[in-house]
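Enquirer: The structure's right below; bear with me while I get my questions together.
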Amino acid sequence: MLLAMLWMLASIKKHGLLLNDIKLCTIEKEQLISTKADTEKLSVIEHQQIEGIRKLTEIEHQLLKSKEKGVTYIRWGKTQCDGSNTETLYSGQAGGSQYSQPGSSVNYLCLPLNPDGALPLKAHSWYAFLCGAEYQVNEGNTPQGIRSDIFNHDVACAACLAKGKLSSIMIPGWKTCNNGWTKEYDGILMAGHPIHAASSEYACVDKVTETIAGGSRDENGILFYPVKTVCGSLKCPPYKPDTDVPCVVCSK
């Protein structure tokens with residue numbers, strides 16, 4: 001990322017220097033024409049001017065191309081990305097390992113809703129498992145601002161590209177981003193339940209949660225529970241006991 005930023009700054013600086021060179025060549029060319037200087041020197045200056053314009057066009061093309069690049073992140077709880085200058089790479093369903101198995105993988109996955117064709121496996125026990133994800137949010141544990149009717153519904157997700165950005169970060173405990181950063185979305189921190197055998201990770205789930213159509217049966221899989229604060233080694237204040245944890249995803 002640092003190298004990309006340095007390259008961009010160097011390109012912009014070079015852009016300005018080339019503009020100055022082209023202007024100087026134009027002035028010198030006009031002076032030679034006015035004094036009726038020899039054609040050989042005039043030809044050299046014209047060549048330098050054309051070469052400068054070519055390099056300037058190349059740099060402008062590179063800068064334009066760099067704006068098409070960006071940084072990716074997963075938007076948990078939504079099927080589309082609607083951030084500033086953000087593209088939805090694919091809509092998906094959250095998935096992962098079975099919550100009750102101690103050897104399960106930790107991370108949540110955002111699985112495309114249109115997977116490529118796959119081949120059947122032989123009957124054997126030496127496999128890892130991939131399951132869907134469900135919200136474990138009901139009337140008893142619903143954080144303020146989150147829907148309470150999503151219990152056991154399948155979790156939506158989207159893979160997003162923030163164009164022209166170099167980095168992204170999920171910040172737990174915040175609802176807004178630092179100055180100079182763009183807020184992609186904010187939400188509530190969720191994770192697996194601490195008494196379950198499988199480990200889990202924290203994910204920032206969009207406050208305006210969406211579900212996958214037709215996925216409301218209690219089939220478990222990997223689970224999303226709201227996170228609450230526990231004071232002790234977590235300092236209170238500034239944190240408060242037994243509260244939800246806001247979160248925000250920022251890009252720059």
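Here, each number is a calculation from the coordinates, and none is a lab measurement. The model shown is predicted, which means the values in this text are computed figures rather than measured ones. Neighbour counts run over all protein chains shown; Cβ positions are idealised from the backbone, glycine included.
Enquirer: Based on DSSP, what percent of beta bridges with both residues in the stretch 96-225 are antiparallel, to the nearest 5?
Expert: Of those bridges, close to 75 percent are antiparallel.
Enquirer: Within 14 Å, Cβ to Cβ, of Thr243, how many net charges do the neighbouring residues add up to if Lys/Arg are +1 and Asp/Glu are -1?
Expert: Summing Lys and Arg as +1 and Asp and Glu as -1 gives +2.
Enquirer: Tell me, in nm to one decimal, what length is gained between Tyr202 and Glu51 on full extension, where the rule is 0.36 nm per residue of separation less the Cα-Cα distance?
Expert: Additional length available on full extension: 49.0 nm.
Enquirer: Multiplying the sequence separation of Thr229 and Glu139 by 0.36 nm and subtracting their Cα-Cα distance, what value in nm do you get?
Expert: 30.5 nm
Enquirer: Hey, with R₀ at 41 Å, roughly what FRET efficiency would Leu130 and Val44 work out to, going by the Cβ-Cβ distance, to 0.05?
Expert: With R0 = 41 Å, the Cβ-Cβ based efficiency is 0.05.
Enquirer: Run the dipole for the stretch 125-252 about the Cα centre, Lys and Arg Cβ at +1, Asp and Glu Cβ at -1, nothing else charged, and hand back the magnitude in debye, nearest 20.
Expert: Here the stretch 125-252 has a charge dipole of around 680 debye.
Enquirer: Is the stretch 166-252 best put as rounded, prolate or oblate by its Cα gyration tensor, with a ≥ b ≥ c the root eigenvalues, rounded for a/c under 1.5, and otherwise prolate when a/b is larger than b/c, oblate when not?
Expert: Cα axes put the stretch 166-252 in the oblate bin.
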